[in-house]
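A quick write-up on the structure given underneath.
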């Protein structure tokens with residue numbers, strides 16, 4: 001696993017290899033991550049990464065958020081409740097030397113409390129597939145004030161998900177066994 005583009009391009013990240021099924025760690029492949037960022041940058045969204053405040057839910061290894069930092073995001077908050085994931089994220093933050101630009105929260109992404117700080121412009125959501133956790137996390141993030149009104153949500157799932165109430169599907173692509181959905185909060 002490596003950073004695909006930006007200032008840290010080529011940096012090798014700590015990885016869980018093929019994944020850790022017991023802890024639901026399934027890293028986004030380099031190919032899918034590159035496709036996601038190409039879609040964001042070339043998909044008619046302007047530049048949703050440069051200067052963005054990013055929320056990485058079910059962060060796993062932190063690769064999506066770290067890729068965003070490499071490509072110009074201002075800040076990333078990683079959320080994951082797993083011990084193995086927190087260790088990997090910390091190691092990858094250190095490896096990339098971006099500690100001051102990051103926050104790691106050890107908590108359940110489906111039970112986010114009220115967020116009183118600045119809302120996030122870009123949200124990555126990569127829950128364990130097929131468990132309905134993405135819908136619950138998006139609802140919790142919206143209800144807790146985590147997502148900016150014009151925010152963009154990138155949701156990875158094993159099947160084409162149905163957006164929960166309060167979100168509009170903007171685009172959806174399939175990359176192998178991964179569906180990537182781009183959503184926005186409803187007006």
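Derivation of every value follows stated rules applied to the coordinates shown; laboratory data play no part. None of the values given here were measured: they were computed from a predicted structure. Here the Cβ is made from the backbone with ideal geometry for all residues, glycine too, and neighbour counts use every protein chain on show.
Values computed for the structure shown
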quantity	calculated
Chain lengthening between residue 150 and residue 7 when straightened (0.36 nm per residue, less Cα-Cα)	48.8 nm
Length released on extending from residue 170 to residue 143, taking residue separation times 0.36 nm less the Cα-Cα span	7.7 nm
Simple spin-label estimate for residue 177 and residue 87 in nanometres, 7 Å along Cα-Cβ	2.5 nm
Label point distance in nm, residue 47-residue 106, each placed 7 Å from Cα along Cα→Cβ	3.7 nm
Antiparallel %, DSSP beta bridges [both residues in the chain], to 5	45 percent
Inter-label distance, nm, simple model (7 Å from Cα along the C-beta direction), residue 118/residue 94	2.8 nm
